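Enquirer: Before I ask anything, let me first share the structure, which is written out below as structure tokens.
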Amino acid sequence: MIIKLTFNKDWTDFIGTKPSAEYRKIKIRISNDIIDAFSVNTTNANINVTAISVLENISFDTNGGNIMCERVSVGKSVNLKAKDGNITGTVVGG
């Protein structure tokens with residue numbers, strides 16, 4: 001699944017204020033049963049992941065945001081990259 005923000009507006013349509021923070025969030029719920037790999041990339045936004053279990057690899061990459069992981073379980077490898085942000089949380093296992 002790929003989620004991409006696309007605008008069909010002119011630059012003059014953006015003069016004014018930003019929408020409230022509650023309207024600028026994307027929440028995704030997925031089943032932990034059969035996830036082989038999971039990857040999230042974003043710009044100027046935080047990545048917040050809780051209680052996920054992945055069989056192979058997990059990768060989070062943000063340019064201008066923070067990465068917050070809680071109870072992340074991964075079979076092989078974890079790749080976390082935050083340019084101009086912080087990485088915090090817990091990974092289950094050794």
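Enquirer: Kindly indicate the residue of segment 51-67 that is open to solvent by 60 Å² or more (accessible area, probe 1.4 Å) and either touching a Leu at 6+ places or on another chain (Cβ under 8 Å) or within 26 Å of ILE34 (Cβ to Cβ) (or both) and also modelled with the lowest pLDDT among those meeting that condition.
Expert: So, considering only residues that are open to solvent by 60 Å² or more (accessible area, probe 1.4 Å) and either touching a Leu at 6+ places or on another chain (Cβ under 8 Å) or within 26 Å of ILE34 (Cβ to Cβ) (or both), the one modelled with the lowest pLDDT is LEU55.
Enquirer: Let me ask something additional. Just to verify a result, which residue in segment 21-45, among those that are open to solvent by 100 Å² or more (accessible area, probe 1.4 Å) and part of a helix (DSSP H, G or I), is modelled with the lowest pLDDT?
Expert: Ranking the qualifying residues of segment 21-45, first place goes to TYR23.
Enquirer: For residues that are touching a Gly at 6+ places or on another chain (Cβ under 7 Å) and under 21 Å from GLY93 (Cα atoms), tally how many sit in segment 48-66.
Expert: Qualifying residue count, segment 48-66: 3.
Enquirer: Can you pull out every residue in segment 81-94 that is open to solvent by 60 Å² or more (accessible area, probe 1.4 Å), part of a strand (DSSP E or B) and closer than 17 Å to THR43 by Cα?
Expert: Of everything in segment 81-94, those that are open to solvent by 60 Å² or more (accessible area, probe 1.4 Å), part of a strand (DSSP E or B) and closer than 17 Å to THR43 by Cα turn out to be LYS81, LYS83, ILE87.
The values are calculated or read from the model by the stated rules, or taken from the named source; none is laboratory data. This structure is a prediction, so every number in the text was calculated from the model and none was measured. Methodologically, a virtual Cβ is constructed for each residue, glycine included, from the backbone with ideal geometry; neighbour enumeration extends over all protein chains shown. These area figures cover heavy atoms from the full protein model, side chains too; ligands, DNA and RNA do not enter into them. Shrake-Rupley method; radii C 1.70, N 1.55, O 1.52, S 1.80 Å.
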